[in-house]
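What follows is a single structure, written as structure tokens, with notes after it.
Values in this text are rule-based calculations from the coordinates and carry no lab data. Everything numeric here is computed off the predicted structure, so don't read it as measured data. Positions of Cβ are backbone-derived with ideal geometry, glycine not excepted, and every protein chain shown enters the neighbour counts.
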Amino acid sequence: MKILITGGNGLVGSHFVENYHPSLKSGDIILTPSVEELNITDKKSVENFFKLHKPDTIMHFAAFTDVTGAEEERNNKQALCWIVNVEGTANLIKAAGDQTYFIYISTDAVFSGNKDNPGPYDENYPTENNLNLLSWYGWTKKEGEKLIVNNLKNPAILRIANPVRVKYDGKLDYIRKILNLYDTEKIHPMFNNQYLTLTYIDEVTHCLEILLTKRLPGIYHISSTNIFTPFKLANFLIEKARGKKEVVKQTSIEGFLKNNLPRYPQYGGLKVEKTQKILKLKFNKWEETIETLAKQLSI
């Protein structure tokens, strides 16, 4: 395979690049172009890259993922979030041939997570079609999914939620943000009634290797097998990584949501039973992932 990876320097994509490269045994070629080599928001750049390299497999990690920044661009299709997540995806789809195997990395943010339509959501659950119930980031990723399904023969969509890993210098992931707040004495009360799931990026890479080997189509969820509240996770994390118990206070999400809908889902997360069955895997509980990471995050 000649595999094009977009977003190969990002939190999730870089883990795959770092860990798949050493295992190459079948002559696979990994293409991880810089923005100068491939600008997915520029149709001509995409066309030229595909003509030159002719990838037969695409792993599309690249995305505008700043959820807060995306809300500042809400409804603006001339701004970066829409251009990257929707137009960039459309450019890749157009350049890909009929035989190209396309894996699209998506998110639980394509679901509303509100009390009238609560998660966690399984792989067959329909994405939210009411813009007012999604963050702008979630809406653009949902639009990206729609493009994938409507324009490609046998694509794979892989959804993740709150991805975390042992080491990444590019930005703070979900658990590193909490540890950073604690270490800088800025820890604040956490929601005790927001329900989410956690994605261990090592498991994402493993699943992607299986999808690539078998070129499986369909929708897959990679996430913890159980839900957490930020309050419970933060205290568990700090105890495991810093040895301090019950340092985080709790607060309710309701008051916050009055001014921040739909930025924060209250009942989010992903179910993974179907994915585990198809791929013959067993994913971590969120506590198991935290325990694994905390051993290395404590130093």
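What the table shows:
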| read-out | value |
| --- | --- |
| Filter on 115/271; 271/295; 2/167 - keep pairs with C-alpha separation over 23 Å | 271/295; 2/167 |
| The range 39-122: relative contact order in percent, alpha carbon pairs under 8 Å with at least 6 residues between | 39 |
| Estimated vicinal HN-Hα couplings, Hz - the range 136-141 in sequence order (Karplus 6.51, -1.76, 1.60; Gly, Pro = x) | 5, 4, x, 5, 5, 6 |
| Within a Gaussian network of the chain (alpha carbon springs, distance under 10 Å), most fluctuating of 112, 14, 252 | 252 |
| Residues whose placed amide H lies under 5 Å from that of residue 218, excluding near-sequence neighbours | 156, 157 |
| Surrounding net charge for residue 45, when Lys and Arg each add one and Asp and Glu each subtract one, Cβ distance under 10 Å | -2 |
| Cβ-based exposure ranking for 183, 98, in which fewest neighbours within 10 Å come first | 98, 183 |
| Loop-resident sites, the range 81-186, for GluC sites (Glu not before Pro), counting at most 15 other Cβ within 10 Å (DSSP) | 185 |
| Interchain or long-range residues, amide H under 5 Å from residue 106's placed H | 158, 159, 160 |
| Three-way shape label, the range 231-299, alpha-carbon gyration tensor, a/c 1.5 | oblate |
| Cβ-defined net charge surrounding residue 228, 10 Å radius [Lys, Arg +1; Asp, Glu -1] | +1 |
| Simple Cβ-charge dipole of the chain, Lys/Arg +1 and Asp/Glu -1, about Cα centre, in debye nearest 20 | 380 |
| Net charge contributed by nearby residues that have their C-beta within less than 13 Å of residue 170 (K/R +1, D/E -1) | 0 |
| Candidate lysines for bridging to residue 249, where Cα separation is under 18 Å - those fewer than 8 sequence places away on the same chain excluded | 177, 186, 232, 240 |
| Mean separation of Cα contacts under 8 Å (6+ apart) over length of the range 139-267, as relative contact order % | 32 |
| Cross-link reach list, aspartates and glutamates versus residue 146, counting only Cα pairs under 16 Å and skipping chain neighbours closer than eight places | 87, 108, 123, 128 |
